[in-house]
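See structure below.
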Amino acid sequence: MNKQSLTKIAGAADVIMKIFQVMSIVAAAVCAVFIPLTLIFGEKVIADASNLSIGSVILHLNGDMTDYLDIPSIKLYILLTLVIGIVFSIALWYFIKVLRRILAPMKEGNPFELGVSDNIRRLAWTALAVGIIDAVGNVVSSVFELRAYDLKAIFSNPAIASFDLKPDLNVWPTVIMVVVLFLLSAVFKYGEMLQTESDETL
């Protein structure tokens, strides 16, 4: 890839990342707005609902939600989901901010400028933190979700003996991403060293 192509691609990528960065701020703001709304109007909205979503399954219930739900627990579940949404949006904003720092020298045609490898390492640590937050949030929200539903009333069938909680903890995509980013950081660190030596020689 020549310098002109690198500059064009990096410039286009930076524009796209800027849009995603704005979207992450909007997402955090929307979640923040819904927190007080849930505290004030949550019970009425939940009670008036007639559908219950469990994973990919949507149940159409007779009566209202008060017959099948522990309203305080479901409010806590909704609030927890909103807080996790805010944390994710902030983490995404920071991730994109660091990524745009990496793209900045590339837009000038200098991919191995000093500091790029450090920023890639920051991306790796951020991805690891987000992965841990995702795993913990998934377990905690699953516990609250299970406590909120009166599953015995919903699935009143003698064939069902009990219910168990099995959170989905697929951490491998996060692990692979973190390892790849640390490897890229090492590669760019070596490239920075070669670039510095070349500049000193010239």
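From the list Ile84, Ile90, Ile74, Ile78, the one residue that fits, being modelled with pLDDT of 90 or more, assigned to a helix (DSSP H, G or I) and of a type in the set (A, V, I, L, M), is Ile90.
Annotation: Val136 fulfils all but one of (1) at pLDDT 80 or above; (2) part of a loop (DSSP other than H, G, I, E, B); the unmet one is (2).
Looking at Ala32, Ala10, which one is assigned to a helix (DSSP H, G or I) and at pLDDT below 90?
Details: Ala32 fails: at pLDDT below 90.
Going through Ala32, Ala10 in turn, the sole match is Ala10.
Is it the case that Asp67 is modelled with pLDDT of 85 or more, among the acidic types (Asp, Glu) and more than 25 Å from Ala135 (Cβ to Cβ)? Considered against the rule, which asks whether it is modelled with pLDDT of 85 or more, among the acidic types (Asp, Glu) and more than 25 Å from Ala135 (Cβ to Cβ), Asp67 comes out as no. Of all residues being within 30 Å of Ile71 (Cα to Cα) and either polar (S, T, N, Q) or without any contact (Cβ under 8 Å) to a residue 24 or more places away in the chain (or both) in segment 1-29, which is surrounded by the most Cβ atoms within 10 Å (Cβ to Cβ)? Just the residue, please. Among them, the one singled out is Ser24. The residue list Ile132, Ile96, Ile154, Ile90 contains one member that is closer than 23 Å to Ala28 by Cβ, surrounded by fewer than 18 Cβ atoms within 10 Å (Cβ to Cβ) and touching a residue at least 60 places away in the same chain (Cβ under 8 Å), which is Ile90.
The values are calculated or read from the model by the stated rules, or taken from the named source; none is laboratory data. Fair warning: this is a prediction, and the values are worked out from it, not measured in the lab. Every residue, glycine as well, gets a Cβ built from its backbone with ideal geometry; the counts of neighbours run over all protein chains shown.
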